[in-house]
Each structure stands twice: as C-alpha cells, then as structure tokens.
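Structure record follows, encoded as structure tokens.
The values are calculated or read from the model by the stated rules, or taken from the named source; none is laboratory data. All figures in this text were calculated on a predicted structure; none of them were measured in a lab. Cβ coordinates were reconstructed from backbone atoms using ideal geometry, including for glycine residues, and neighbour counts include every protein chain displayed. When the accessible area is computed, the model is the full protein with side chains, heavy atoms only, and any ligands, DNA or RNA have been set aside. Shrake-Rupley method; radii C 1.70, N 1.55, O 1.52, S 1.80 Å.
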Amino acid sequence: SVMDVQCVLEGCQSEVLRGLCGSIPEAHCFTVVFRGPRRGLDLACSSEAEARHWIRGLRRLQERGQTMSQRDKLEHWIYNTCALPTSDKDNTLCFKEVKSLLRMINIEVTELCFTIQGERRGGERRGRG
C-alpha cells in the first residue's frame, strides 16, 4: 500500500541499482523504500521523463496519505479490508468471507445467527446458526 512507503530514492542509491549503474542510466532508476522489514522495490524506467513521472506520482500519493485525517485513514482501512475477502468481486460477502473478515480483526465466529427476511413474526426474529 502507498501508506507503507517510507520514501522514494532517485537514482542508483540501492545496493542492487548501484551494481547495475553502468548498464542503466542513473536518471532512469529509483527505489521505493517501505516501512518495516519489507525490502525496497528497485525500478528502472525506459526514460528519464518516465522515471520523474513515477517518482512525482508516488511522492504525491505518499504526501496525501500522510495528510489524511484519522477518519479518512479509518475509512480507507475499512474499505480495503472489506474488499480483500470478496473473492468473486461481486461486492457481497458470503458466510465464509464474513467469517474470514472477522478473523482478520481477531473475532472468532463459531456460530452465526442472522435474520432471514420474511420470517419475522410479531417482532420476533428467527435465525439459523
């Protein structure tokens, strides 16, 4: 995620790119450095203009992520987390996907009761486990 980007280094600053510096123009290269133990991503573009375009875009996304309000960050996290388990990309969650999502936020589901539309009687809810 762009939120995990620590910085973008221009040129052949990583160990890998320094080793390739003679075969690739330095102005075509850049490295995306991530927070935590994740390794950096070394990239070489076909032109200097393309590299500048990518660097500028990544830095702008990084700045936007840093200036997001706490509410925006929470909404972003919720949206991304809910989008993960939908394997069939239909924007709905089946029982197995709901169970997987709840496990991601440390809620173990052993039994789920839910309301079946049309089965309400006198304010009662009928569910199945």
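Some notes on this structure:
- With R₀ fixed at 41 Å, the C-beta to C-beta distance from residue 44 to residue 79 puts the FRET efficiency at about 0.80.
- For region 1-63, radius of gyration divided by Kirkwood radius, i.e. Rg to Rh on alpha-carbons: 0.97
- Surface composition of region 6-72: carbon and sulfur atoms hold 51% of the protein heavy-atom accessible area at a 1.4 Å probe.
- Taking label positions 7 Å along the Cα-Cβ direction at both residue 67 and residue 105, the computed distance is 2.9 nm, reported to one decimal.
- Karplus (6.51, -1.76, 1.60) ³J(HN,Hα), θ = phi - 60°, over region 22-28, in Hz, Gly and Pro reported as x: x, 9, 10, x, 4, 5, 8
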